[in-house]
Amino acid sequence: MYICICNAIRESDLRKAALKCDGDAEATYACMGKRPNCGQCLGEAQEIIEAERAAACCDVFAV
């Protein structure tokens, strides 16, 4: 599913970038070589980024 239509960012790509990049949605976009255009995606993108990081954090402690 596309999260950002302006930049053609898929949810799966955003989740991968969330684990490689620090910061908020705009910083994560920058790590991907993108920047928000209309900005309508930023709220949902931020939620996905936070969820992915939280899941990765929990996976580390589960070992």
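Here, each number is a calculation from the coordinates, and none is a lab measurement. Predicted, not measured: the structure shown is a model, and the values here were computed from it. Here the Cβ positions follow ideal geometry from the backbone for every residue, glycine too, while neighbour counts run over all protein chains shown.
See the values below:
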read-out: Within segment 5-63, tally of residues that are of a type in the set (Ser, Thr, Tyr) and touching a residue at least 24 places away in the same chain (Cβ under 8 Å); value: 1
read-out: Meets criteria (more than 15 Å from TYR2 (Cα to Cα) and of a type in the set (A, V, I, L, M)) for LEU42; value: no
